[in-house]
Amino acid sequence: MNQKVTVLYFSPTGTSRTIALKIGSVLSSRWKCDWKEVDLTRPEARVKPYVFPPEELVVFAFPVYAGRVPELLLPMLSKMKGEGGMALPVCVYGNRAYEDALLEAKTLLTAGGFQVIAAGAFIGEHSLSVKLAAGRPDESDLRIAGAFAEQVAKKIESGDRSEPVVKGNLPFRERMPAGEPFRPVTTEACTGCGLCAKVCPMGIIDPEHPSRVGEGCLCCCACVKRCPVHAKRFEDPRILTLRQRLETSFMDRKEPELFV
Ligand SMILES: Cc1cc2nc3c(=O)[nH]c(=O)nc-3n(C[C@H](O)[C@H](O)[C@H](O)COP(=O)(O)O)c2cc1C
Ligand code: SF4
Ligand code: SF4
């Protein structure tokens, strides 16, 4: 196979990255080819217009935000070009629902000149919780991701380039209306290490004064989950109520869904 693999992901808390890397590593070891990893999580990585040659298979993984592709990725995706190469969109959601996110990704990639060859919806620990889908993706999810990659590889090797039918509805569900901005609080436990500023996908945490957080917070919880001393958290009642609702209604384990 003269196929190359690029694994592209946006992944503030790392669950989309874990699935993407598993798929990328299985594909590249099967095809004995190199693979590239492109991390779109930091703002500077989303500026460049990415263009992929036809021999490149692009695995694109992202978290589901309110049943959609995160809105902040749209400018970058609108500039990304596929030149007829294949793409494999993968959404990772927090055990509630992925609604139109995967169909939206497929639509955006197709518009960018990719041939969508397969798609998958996986489950990751919910950004806003440590209980909902705790520890996922787990061993079972990774086994499924590996088997999925093998199945996609076989489809490609057989010369089958058919598009999968992916779950989702048109028109896509409404995005959340913008309200009062969210902002995590920083407790006295903060040591000033600056890690939260480095991992924030919006670049809005002041590295010199990490308790200063600008506007544009996604509530992605990268800062909350990565802080080594648990000094960042959300105290906003909207988040606390949502977390409570999620942890009450969506605890039953969901399983990955694959479209090949
Ligand atoms: C703003 C926001 C909206 C989210 N919306 C959904 C959703 O609609 N359905 C769902 O199941 N999970 C939702 N999640 C959870 C994430 O999709 C999930 O935790 C994912 O694994 C995070 O990916 P990451 O680790 O790559 O950041 C949301 C998370 C955030 C921060
Ligand atoms: S990661 Fe935590 S300890 Fe480090 S600067 Fe941020 S809030 Fe403070
Ligand atoms: S400040 Fe907001 S956008 Fe930045 S890492 Fe924290 S939760 Fe994510």
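Checked against the criterion of being touching a helix residue (DSSP H, G or I) at 6+ places or on another chain (Cβ under 7 Å) and within 13 Å of ligand 1 (Cβ to nearest atom), segment 149-166 contains not a single residue that satisfies it.
The criterion of being open to solvent by less than 60 Å² (accessible area, probe 1.4 Å) and outside any strand (DSSP E or B) does not hold for LEU8. Search segment 167-186 for residues being among the charged types (D, E, K, R) and either at pLDDT 95 or above or within 14 Å of ligand 1 (Cβ to nearest atom) (or both), and hand back the single one that is surrounded by the fewest Cβ atoms within 10 Å (Cβ to Cβ). Per the stated criteria, the residue is GLU174. Considering segment 222-248 alone, what residues qualify as being open to solvent by less than 20 Å² (accessible area, probe 1.4 Å), within 13 Å of ligand 3 (Cβ to nearest atom) and part of a helix (DSSP H, G or I)? Correct list: ALA222, CYS223, ILE239. Exactly one residue among GLY67, GLY84 is at positive phi and crowded, with 19+ Cβ neighbours inside 10 Å, and that residue is GLY67. Screening ALA153 against (1) open to solvent by 90 Å² or more (accessible area, probe 1.4 Å); (2) in the same structural domain as LYS106 (by TED's automatic domain parsing) leaves a single unmet condition, (1). Let me spell it out: the conditions are (1) assigned to a strand (DSSP E or B); (2) within 24 Å of ASP160 (Cβ to Cβ); (3) within 14 Å of ligand 1 (Cβ to nearest atom), and ILE19 meets all of them except one. Which number is the exception? Unmet condition: (1).
I'm trying to understand the selection: among the residues of segment 168-194, which are under 30 Å from ALA121 (Cα atoms), of a type in the set (A, V, I, L, M, F, W, C) and within 13 Å of ligand 3 (Cβ to nearest atom)?
Within segment 168-194, just PHE182 meets the criteria.
Being more than 16 Å from ASN95 (Cα to Cα) and out of contact with any Phe, Trp or Tyr (no Cβ under 6 Å at 6 or more places or on another chain) is the requirement here; does SER127 meet it?
no
May I ask you to say which residue of GLU125, GLU104, GLU174 is touching a helix residue (DSSP H, G or I) at 6+ places or on another chain (Cβ under 8 Å) and among the acidic types (Asp, Glu)? It would help to see each step written out before you state the result.
Working: GLU104 fails: touching a helix residue (DSSP H, G or I) at 6+ places or on another chain (Cβ under 8 Å); GLU174 fails: touching a helix residue (DSSP H, G or I) at 6+ places or on another chain (Cβ under 8 Å).
On inspection, the qualifying residue turns out to be GLU125.
Residue pairs whose Cβ atoms lie under 8 Å apart, sitting 6 or more positions apart in sequence or on different chains, and linking a residue in segment 146-175 that is in a helix (DSSP H, G or I) to a partner that is open to solvent by less than 60 Å² (accessible area, probe 1.4 Å) and polar (S, T, N, Q), are ILE156/GLN3.
Annotation: of all residues in segment 199-214 being out of contact with any strand residue (DSSP E or B) (no Cβ under 7 Å at 6 or more places or on another chain), assigned to a loop (DSSP other than H, G, I, E, B) and near ligand 3 (Cβ under 10 Å from one of its atoms), the one that is nearest to ARG183 (Cα to Cα) is GLY214. Looking for something among the hydrophobic types (A, V, I, L, M, F, W, C), assigned by TED's automatic domain parsing to the domain that holds ALA20 and over 21 Å from the mean Cα position of the chain (by Cα) - is there at least one such residue anywhere in segment 213-226? Looking through segment 213-226, none of the residues is among the hydrophobic types (A, V, I, L, M, F, W, C), assigned by TED's automatic domain parsing to the domain that holds ALA20 and over 21 Å from the mean Cα position of the chain (by Cα). Restricting attention to segment 200-236, the residues that are away from ligand 1 (no atom under 16 Å from the Cβ) and in contact with a Gly (Cβ under 7 Å, 6 or more places away or on another chain) add up to 2.
The values are calculated or read from the model by the stated rules, or taken from the named source; none is laboratory data. Computed from a prediction, not measured in an experiment: that's the story for all the values here. Methodologically, a virtual Cβ is constructed for each residue, glycine included, from the backbone with ideal geometry; neighbour enumeration extends over all protein chains shown. We work out accessible area using only protein heavy atoms, side chains counted, and drop any ligands, DNA or RNA first. Shrake-Rupley method; radii C 1.70, N 1.55, O 1.52, S 1.80 Å.
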